[in-house]
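Asker: Provided herewith is a single structure, encoded as structure tokens, for subsequent inquiry.
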Amino acid sequence: MEIDKAIRESNDRRLKSKYNNAIYVIQRAFALYAFEEVAFSFNGGKDSTVLLHLLRAGYFLHKEKSNHLNESDTNSEMKCPIRTIYFDSPSAFPEINSFTYETAATFDLQLEIFRLDFKSGLEALLREKPIRAIFIGTRIGDPNAVGQEQFSPSSPGWPPFMRVNPILDWSYRDVWAFILTCKVRYCSLYDQGYTSIGSIYDTVPNALLCINDSSTSKENFRPAHLLLDGRLERAGRAKKCPRLDSGDGSVINGLNSVDKCQSRSFTAAVIAVGDEILFGTVEDQLGPSLCRKLRSIGWAVSHTAVVRNDIDSVAEEVEQRKSSNDVVFMYGGVGPLHSDVSVAGVAKAFGVRLAPDEEFEECLMHLMNEQYTGHRNEMIQLPEGITELLHHEKLPMPLIKCQNVIILSATNIIELDKQWDCLIELTSSSGPLMSVAPFVSKSLITSLSDVETAQSLSKLCLEFPDLHIGCFRKSRVGPLIINFEGKDQARIELAVQALFKKFNHGAFAEVNSG
């Protein structure tokens, strides 16, 4: 069979792994359901074109394994007489329609054409035919992929059937590697710069493939397989921008940069994940450094914690912080080791599953080059539906943001400094942080006892609720230090003068101002 032969002869180990996994899913479906009970949803796009040829290979290998092959079946253009659903829409590209009909004729697909919406068409089909499972070319990253597995029952309110997703974990790069390796025919629109095809009303060639030619006013485009960054596959699709606010037009706790947020108060929580810190094996230096960095941009740290390398421990801590106004910074427990549980803990806290993230996988593939095979790599499993990747040219891998949780991969101060600087630079393009009015402070020192100062300081806190007034000693027998901190230097001076008035002259001396 020419598809299987092309893959076996390929040197692309990643493609072989993806192919083998997809074929396994297809053969599993053929083992679970009678051939007459399965159907294939074909729309003429690149993903369903790949799935068609995977089905051909899977059907051939399934028959071969079952010893049901005829001599005629071994010809290189073996047919796949699977029931095929096509929803013909008046807004479809003519090229998509013609490619679909020609492909169906070439491979003996039992094409059933519906001119209804997808749901109504399925209801009509299932009323007439005993369809139990439908092969669909859904990939992670598609708008409808959230929550799906390779075998996923249809959603509530839809006709009952099993969705079979053999290429769910494939990336844009994988799709084109398969098409080019197997030399299969595809819709001509992909040679005209289209990278993701919807309707004629919401699809244009991807501007990233535009060829600048000053000699002509006509725009020309490179073919789709030359798009270097698969994350930008849908750049040619018109879509509504998701709301980034809390529903009332106000931006949540500085997660997006707008001018009116300059007057708001932003708070953060810091969570370290590491048994080695709790066991006293290593001293945590990242937490204090991160607190200082946050305060340097005017943010207050409301909570810090150290938790064990345990999914439930991480989930419990994040669960307590996720509904607050805090932005949660987490570090430790990130990587491929058994103790790296931070990402899984975040997923559990938000009640979502871990799923392969195509965008993150693309980055990992570029970083590891030939060493990356894509086979059973746990590092590409990220919380599904809530993950945003924060890219910066100075970072080898993007940072992970899950709603109000930012997961840092730093393991030392140098790495933390680098990642922090990148986060700050990203702020200028609506990144996750924004600088607001900085904190200013003044410290006083006194030989007065705690008992002598306690009542006056308590009253002062009530008089100046906008300031933080803290007391501490650097040593057990050292003098008492009183620290005033806020964002208004004039208010701090008023509080200091108010304290002076409560005691004899000379009871306090200024240590520093900042």
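The values are calculated or read from the model by the stated rules, or taken from the named source; none is laboratory data. This structure is a prediction, so every number in the text was calculated from the model and none was measured. Every residue, glycine as well, gets a Cβ built from its backbone with ideal geometry; the counts of neighbours run over all protein chains shown.
Asker: Give me a count of the residues in region 85-111 that are outside any helix (DSSP H, G or I) and over 22 Å from residue 152 (Cβ atoms). Steps first, answer last, please.
Answerer: Taking region 85-111 as the starting set, the residues that turn out to be outside any helix (DSSP H, G or I) are 85-93, 107-111.
Among the residues that remain, those that are also over 22 Å from residue 152 (Cβ atoms) are: 88-93, 107-111.
Final tally of qualifying residues: 11.
Asker: Please go through region 435-467 and pick out each residue that is assigned to a loop (DSSP other than H, G, I, E, B) and farther than 14 Å from residue 502 by Cβ. Working first, answer last.
Answerer: The initial filter retains those residues of region 435-467 that are assigned to a loop (DSSP other than H, G, I, E, B), namely 435-439, 447-449, 464-467.
Of everything in region 435-467, those that are assigned to a loop (DSSP other than H, G, I, E, B) and farther than 14 Å from residue 502 by Cβ turn out to be 435, 436, 437, 438, 439, 447, 449, 465, 466, 467.
Asker: Only residues in region 265-287 that are within 19 Å of residue 315 (Cα to Cα) count as the first member; pair them with residues that are among the acidic types (Asp, Glu) and in a helix (DSSP H, G or I), Cβ under 6 angstrom, at least 6 apart or cross-chain, and list the lot.
Answerer: Close Cβ pairs satisfying both conditions: 271/317.
Asker: With the condition kept exactly as written, say whether any residue in region 250-272 is modelled with pLDDT of 85 or more, surrounded by fewer than 18 Cβ atoms within 10 Å (Cβ to Cβ) and of a type in the set (Val, Ile, Thr).
Answerer: Pass one, region 250-272, residues modelled with pLDDT of 85 or more: 267-272.
Right, trim to surrounded by fewer than 18 Cβ atoms within 10 Å (Cβ to Cβ) and you get 267.
Applying the additional criterion that residues be of a type in the set (Val, Ile, Thr) yields 267.
Yes, there is a match, as at least one residue in region 250-272 is modelled with pLDDT of 85 or more, surrounded by fewer than 18 Cβ atoms within 10 Å (Cβ to Cβ) and of a type in the set (Val, Ile, Thr).
Asker: Got a sec? Which helices (runs of 4 or more DSSP H) wholly within region 1-84 have at least 2 residues that are modelled with pLDDT under 90 and within 24 Å of residue 130 (Cα to Cα)?
Answerer: 46-65
Asker: Looking only at region 291-300, how many residues end up being touching a strand residue (DSSP E or B) at 6+ places or on another chain (Cβ under 8 Å) and either small (Gly, Ala, Ser) or surrounded by 18 or more Cβ atoms within 10 Å (Cβ to Cβ) (or both)? Spell out how you get there, then give the answer.
Answerer: From region 291-300, those touching a strand residue (DSSP E or B) at 6+ places or on another chain (Cβ under 8 Å) are 291, 294-295, 299-300; that's our starting set.
Now drop any that are not either small (Gly, Ala, Ser) or surrounded by 18 or more Cβ atoms within 10 Å (Cβ to Cβ) (or both), which leaves 294, 299-300.
The qualifying residues number 3.
Asker: For region 86-135, enumerate the residues that are under 34 Å from the mean Cα position of the chain (by Cα), under 19 Å from residue 185 (Cα atoms) and of a type in the set (Val, Ile, Thr).
Answerer: 96, 100 - these are the residues of region 86-135 that are under 34 Å from the mean Cα position of the chain (by Cα), under 19 Å from residue 185 (Cα atoms) and of a type in the set (Val, Ile, Thr).
Asker: Let me ask something else. Can you pull out every residue in region 130-141 that is surrounded by 13 or more Cβ atoms within 10 Å (Cβ to Cβ) and either farther than 21 Å from residue 176 by Cα or free of Cβ contacts under 8 Å to residues at least 24 places away in the same chain (or both)? Before you say what the answer is, go through the steps one by one.
Answerer: Taking region 130-141 first, the residues surrounded by 13 or more Cβ atoms within 10 Å (Cβ to Cβ) are 131-141.
Matches in region 130-141: 131, 132, 133, 134.
Asker: Suppose we filter region 155-180 for residues that are under 23 Å from residue 365 (Cα atoms) and not polar (S, T, N, Q); how many remain?
Answerer: Start the filter on region 155-180 by keeping residues that are under 23 Å from residue 365 (Cα atoms), which leaves 165-180.
Imposing the further condition that a residue be not polar (S, T, N, Q) reduces the set to 166-170, 172-180.
Residues meeting the conditions: 14.
Asker: Also: Just give me the residues in region 483-503 being modelled with pLDDT of 90 or more and of a type in the set (Asp, Glu), in sequence order.
Answerer: Going residue by residue through region 483-503, those that are modelled with pLDDT of 90 or more are 483-484, 490-503.
Of everything in region 483-503, just one residue is modelled with pLDDT of 90 or more and of a type in the set (Asp, Glu), namely 493.
Matching residues to (1) closer than 30 Å to residue 332 by Cα; (2) small (Gly, Ala, Ser); (3) part of a loop (DSSP other than H, G, I, E, B); (4) without any contact (Cβ under 8 Å) to a residue 24 or more places away in the chain:
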{"position": "418", "(1), (2), (3), (4)": "yes, no, no, no"}
{"position": "433", "(1), (2), (3), (4)": "yes, no, yes, no"}
{"position": "469", "(1), (2), (3), (4)": "no, no, no, no"}
{"position": "491", "(1), (2), (3), (4)": "no, no, no, no"}
